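These notes concern the structure reproduced below.
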Amino acid sequence: MSLIVAMSELTSEFHLRYAFYVQTRLVNHPGARNAISKIHFVKTTFGYPDPPRMRESYAPSPDKVRIRWDPPLEAHGRRMPKVAS
């Protein structure tokens, strides 16, 4: 027996950990007891962040560049270091 739950039904967040268990429910059975599985864990995948929103960029001198940006609208997980190239 299996059950498939789309993670999109739970949340739209990325890189989250969920705990779940399965419980049986028996009805109209004398002396019936509910059985509960062990707790299992699942983690949603890490998502790529939206691109940074550029605020300004200019060259104050021939050998320097100044860049300013706002963070992405959706980070989709932990923030990572930025590399300019």
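The values are calculated or read from the model by the stated rules, or taken from the named source; none is laboratory data. Everything numeric here is computed off the predicted structure, so don't read it as measured data. Glycine gets a Cβ as well: all are built from the backbone with ideal geometry, and neighbour counts include every protein chain shown.
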For this session: Could you tell me whether region 22-29 includes any residue that is of a type in the set (Val, Ile, Thr) and modelled with pLDDT of 85 or more?
Result: no
For this session: Please name all residue pairs, on different chains or six or more residues apart, with Cβ atoms under 7 Å, provided the first residue is in region 64-76 and is within 26 Å of residue 44 (Cβ to Cβ) and the second residue is at pLDDT below 80 and among the acidic types (Asp, Glu).
Result: 72/50; 73/50; 74/50
Seminar exercise, completed: Taking region 50-85 and keeping residues of a type outside the set (A, V, I, L, M), at pLDDT below 75 and under 27 Å from the mean Cα position of the chain (by Cα) leaves 74, 76, 77, 78, 79, 81, 82
